[in-house]
Every structure is written in structure tokens, then in C-alpha cells.
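Reviewing the structure listed below.
The values are calculated or read from the model by the stated rules, or taken from the named source; none is laboratory data. Every value quoted in this text rests on a predicted model; they were computed, and no experiment measured them. Cβ sites come from the backbone with ideal geometry, for glycine too, and all protein chains shown count toward neighbours. Remember, those area values only see protein heavy atoms, side chains included, never the ligands or the DNA or RNA. Shrake-Rupley method; radii C 1.70, N 1.55, O 1.52, S 1.80 Å.
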Amino acid sequence: KRQIKMGKPTGFMEYDRVDSEAFDPKERIKNFNEFHTPLSPEKQRIQAARCMDCGVPFCQSGKMLKGMISGCPLNNLIPEWNELLYLGNYKRAYHRLAKTSNFPEFTSRVCPGLCEKACTCGLNGDAVTTKENEKTIIEYAFEHGYVKPKIPAVRTGKKVAVIGSGPSGLAAADLLNMRGHSVTVYEKSDRPGGLLMYGIPNMKLEKHIIDRRINLMKEEGIEFVTGVNVGTDIKANKLLKEYDVVILACGAGNPRDIKAEGRDADGIYFAVDYLKSVTKSLLDSDFKDKKYIDPKGKNVVVIGGGDTGNDCVGTSIRLGCKSITQLEMMPKAPDFRTADNPWPQWPKVCKTDYGQEEAIAVFGHDPRIYQTTVKEFVKDKNGNLSKLICVKLESKKDEKTGRMMMAEVAGSEFELPCEMVLIAAGFLGSQKYVTDAFGVEVDGRTNVKTAPDSFATNVPKVFTAGDMHIGQSLVVRAIRQGRDVAREVDKCLMGYTNLE
């Protein structure tokens with residue numbers, strides 16, 4: 001077995017980090033396309049050469065440090081395929097990448113780059129461009145025919161139903177099908193992909209990328225049933241009779257609400273509903289059907305400062321909002337790591353994402369207002385939202401629990417003109433009608449309950465994975481959950497597993 005050595009041991013000293021160039025914000029907001037120009041293959045290979053022979057590759061560790069993940073949860077063999085990319089061996093680089101990752105074309109676009117934040121080069125300089133190296137490898141592999149259907153030579157005779165076609169469900173289906181089990185994936189929406197299809201805007205992940213993978217999985221023998229809501233359209237008992245195992249991978253489907261006076265005003269939407277309506281209309285008719293929540297000409301306020309909130313900002317600007325404001329309850333994060341947040345922990349620093357960049361370019365200022373929440377939604381005489389009463393917040397210790405909490409600052413109220421609110425405050429766990437239908441236990445956060453390090457529920461033959469199991473998280477963690485549940489299901493069905 002060849003010992004891995006870096007193709008360019010001094011590359012990290014010789015080459016500076018160079019990222020793909022993003023289109024100018026005022027240009028990219030004219031459409032919903034991805035907006036980065038990839039480096040040439042030659043230049044990307046030089047970036048791969050920056051991967052140093054660091055001895056302990058924290059980039060692939062996937063460990064929890066201070067409650068945050070450090071390194072890749074999939075334990076991708078990053079130094080190996082970086083070296084192979086540098087050497088120009090794209091085919092072998094793809095096979096090393098595919099060994100641990102089912103869908104590199106997704107993670108290389110939407111993952112926040114846990115690997116890069118733990119890169120040893122980033123300790124005293126710029127991290128390796130691991131995400132863009134990954135994207136180069138997988139796209140080259142598709143272009144040159146390295147990615148081929150893996151049709152099992154032998155079928156086991158076992159049948160598995162996967163409920164939900166998000167990243168965890170797809171990953172589980174992919175591995176179990178390769179093992180030879182017959183897999184059917186049920187999806188309540190009209191298109192498979194779950195969060196990937198309708199929760200992430202097109203400019204971050206163009207949907208033909210998802211279709212390409214789904215079509216490949218269909219060639220491999222996986223059946224997709226769309227437009228079927230398990231628990232209502234089809235009964236749980238029917239699936240349990242027809243299949244040897246059922247995997248619940250339905251995501252964390254309950255959006256966190258904002259309770260304030262006037263909440264019943266027209267013009268208030270959950271971010272997930274907004275983003276889905278926009279993407280579906282885009283795909284169905286290029287917006288000609290007008291079946292989307294339209295912010296054009298409106299003062300839009302997004303409540304929530306995470307990735308979904310940022311996606312709402314970018315989407316609203318593309319659709320012609322009059323103004324955009326983003327409210328965040330917490331204080332602004334520092335611009336650089338603090339002493340109590342050392343490498344290789346995830347850096348708790350302020351990030352200005354693409355949507356905020358576009359808001360700055362279009363409206364001349366950062367859309368974020370920190371330590372602020374809505375105290376009242378004000379309606380006009382027709383019941384439509386007309387403005388918000390907001391209030392500033394400060395961190396205080398709760399006298400009963402002793403915990404720090406964000407409390408209102410007396411007399412700090414102010415008004416914002418607003419005809420549309422998008423609530424992007426996160427999700428609270430699994431949907432009750434699904435868990436009730438299967439009779440599975442849930443924990444205090446309404447996530448489906450299992451034993452530690454297990455995916456089996458209290459109901460025989462029923463397993464769970466993804467956000468439905470661990471709560472709202474990242475696409476890359478959902479894929480890892482899907483891979484892990486596949487191993488446990490395979491062992492349950494066969495008495496052993498040879499899935500890696």
C-alpha cells in the first residue's frame with residue numbers, strides 16, 4: 001500500500017490562496033444562477049498543492065469541540081484527494097472522494113466548509129480551498145464519465161422504504177441500494193431533493209445538479225415516489241407490512257414562530273414557505289405562473305440571522321423588494337477569533353454572506369440590525385401588515401434559572417416600515433403527524449428518540465436519520481446520518497454489514 005505523501009510539500013509556502021471569482025453583486029442579482037467563475041484546472045491544481053503534509057489532518061476529523069463540529073463530519077480523505085488533484089490524477093481523486101461522500105456536488109456548493117475552518121494552513125494563514133477542490137474533482141468526474149450507475153449485481157430480496165428525499169434520506173437510499181436491497185424513496189413534494197430542492201435557493205445550488213444525481217440513482221434501481229405524504233396519503237401500517245424496514249428521514253419540519261401582537265396580519269410568512277414558493281415557480285414557469293410570494297416593491301424584514309435568513313435577503317433582492325432589513329436577536333459576532341475560541345474550533349466570527357453583500361451593493365448599507373426583535377406587527381385597516389414595532393435587546397441573567405438571556409431594553413422601541421415579514425428563526429423538530437402515525441417516541445425537543453449512537457426507534461423495523469433525529473443541522477451532517485443509518489439497517493436485515 002502506497003504511503004500518501006504530498007505532491008508538493010512546500011506548496012503552502014509557495015502559493016497564496018486564490019478563490020473562484022464571484023460575479024459583481026449588481027450583475028448576479030439579475031438572475032437566479034450560480035455566480036462564481038471556477039478557476040482553470042491548472043490553477044485549481046496549484047490550490048490543491050497548498051495542502052501541507054501536516055501529519056494530523058484536522059480537516060477530516062469531524063469532532064465536536066466546545067459544542068461545535070471541527071472538520072468534516074464525513075471524514076473525507078481530504079489530504080489524499082488534494083494530492084491526487086495536484087498530480088492531475090482526477091479519476092483516482094474522484095474514487096477517493098466518493099469513498100466517503102455520496103454527493104460531493106452538493107456539499108461543495110452548500111457546506112459552510114467545516115474542513116477549511118479546521119485546516120492547519122488556516123492556523124497562521126489562509127486555509128486550503130478544499131471546497132473548490134472538491135467541486136473541481138466531482139464536476140470533472142461527471143464531465144469525463146467517471147461517475148457511472150452502480151447497479152447491484154445481486155439483489156438481497158429485502159425491501160426498504162425511505163420517507164423523505166433530503167440529504168439524509170438520499171444518502172441512506174444510495175448505500176442500501178448499492179448493498180443490493182430494493183429501496184423506495186417517498187417524498188411529499190412534487191420533486192425529490194427535500195431541503196436541497198426547495199430549502200436552498202437556486203443561486204446556491206442549481207436544481208439540474210440535483211436532477212442529475214436523482215436520475216443516476218434511478219438508473220441504479222432506486223424508485224422515487226413523489227407527491228405522497230406518508231402519514232396522510234398513505235398509512236404507516238401499509239408501509240410496515242410491505243417493507244422490511246422503514247427509515248424516517250423527514251427533516252425538522254416545524255418552523256419556529258415569532259409570538260407578538262398582530263401576528264395574524266397578512267404579509268407574514270415562514271422562510272421555508274417563501275423559498276419553496278419562489279424555487280417552485282422558477283422551475284415550473286420561470287415565474288410566469290405568478291405562484292410565488294412576491295416581495296416586489298415592498299419593505300421586507302427578515303427575522304433571523306442564519307443561512308436561511310441570508311437566503312431570504314438574496315432572494316428578495318432578486319425579486320425587486322423596495323428595501324431589506326434583517327433582524328438578529330444576538331449581538332454582532334467579533335470580526336476575528338477571540339482567545340476563548342482558538343483553532344481548530346469553528347470560528348465564531350461575523351460573516352457577511354452573499355445576500356448581505358448584495359444588500360450593501362444595492363441599498364448602500366448592511367441589512368442587519370443586531371440585538372433586536374419584533375414587539376408588535378402593525379396592521380392597516382384591511383388587515384395587511386404595514387409596519388413593525390421593534391425593540392432592542394440586552395443580555396441579562398435570569399433570576400430564576402441563573403442563565404443568561406436576551407431581555408428587552410426599556411424605552412428602546414422604534415418603528416420599521418414593513419409590508420412583508422419572513423420568519424427565518426430556525427426549526428423545532430419533527431412533525432407530529434408523522435411521528436404519531438408510526439408511533440415513535442420523541443425527546444423533549446420533538447426529535448425522534450433513539451438509544452445513543454443508534455438509529456433504531458422504539459418501534460420494530462422503524463429507523464430514523466437526519467434532522468428528524470438530531471434536530472436542525474447541516475447538509476453534510478445529514479449525509480453522515482444517512483450513511484450511518486444505512487449501516488445499522490443493513491446489519492439488521494443481513495446480520496452483518498460490509499458497508500463502509
Report task. Could you please give the count of residues in the range 1-27 that are surrounded by fewer than 14 Cβ atoms within 10 Å (Cβ to Cβ), at pLDDT 95 or above and under 21 Å from residue 90 (Cα atoms)? Result -> 1
Requested in this report: Those residues that are part of a loop (DSSP other than H, G, I, E, B), of a type in the set (Val, Ile, Thr) and open to solvent by 40 Å² or more (accessible area, probe 1.4 Å), I need them from the range 28-76; list them, please.
Outcome: 56
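So, of the residues in the range 214-235 that are in contact with a Phe, Trp or Tyr (Cβ under 6 Å, 6 or more places away or on another chain) and not small (Gly, Ala, Ser), which turns out to be least open to solvent (accessible area, probe 1.4 Å)?
That would be 230.
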Query raised in the report: List, please: which pairs have Cβ atoms under 9 Å, are six or more places apart or on different chains, and start with a residue in the range 474-500 that is under 22 Å from residue 64 (Cα atoms) and modelled with pLDDT under 95 and end with one that is in a loop (DSSP other than H, G, I, E, B) and charged (D, E, K, R)?
Result: 500/99
Query raised in the report: List the pairs whose first member sits in the range 418-435 and is farther than 27 Å from residue 326 by Cα, whose second member is of a type in the set (Gly, Ala, Ser) and open to solvent by 10 Å² or more (accessible area, probe 1.4 Å), and whose Cβ atoms are under 6 Å apart, counting only residues at least 6 apart or on separate chains?
Result: 431/253; 433/231; 434/231
Report task. State whether the residues of the range 252-268 include one that is among the polar types (S, T, N, Q) and part of a loop (DSSP other than H, G, I, E, B). Result -> yes
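Of all residues in the range 212-232, which are of a type in the set (D, E, K, R) and touching a residue at least 12 places away in the same chain (Cβ under 8 Å)?
The answer is 212, 213, 219, 220, 223.
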Query raised in the report: Among the residues of the range 85-92, is any more than 20 Å from residue 139 (Cβ to Cβ) and part of a helix (DSSP H, G or I)?
Result: no
**Report entry** Count of the range 390-424 residues which are under 30 Å from residue 445 (Cα atoms) and either open to solvent by 30 Å² or more (accessible area, probe 1.4 Å) or part of a strand (DSSP E or B) (or both)
**Finding:** 24
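Yes or no, residue by residue, for (1) closer than 22 Å to residue 356 by Cβ; (2) open to solvent by 20 Å² or more (accessible area, probe 1.4 Å); (3) modelled with pLDDT of 95 or more; (4) not in a helix (DSSP H, G or I):
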| site | (1), (2), (3), (4) |
| --- | --- |
| 272 | yes, yes, yes, no |
| 280 | no, yes, yes, no |
| 289 | no, yes, yes, yes |
| 296 | yes, yes, yes, yes |
Query - Every residue from the range 101-141 that is assigned to a loop (DSSP other than H, G, I, E, B) and either buried (at least 21 other Cβ atoms within 10 Å of the Cβ) or modelled with pLDDT of 95 or more (or both) - result: 101, 102, 103, 111, 112, 113, 118, 119, 126, 127, 128, 129
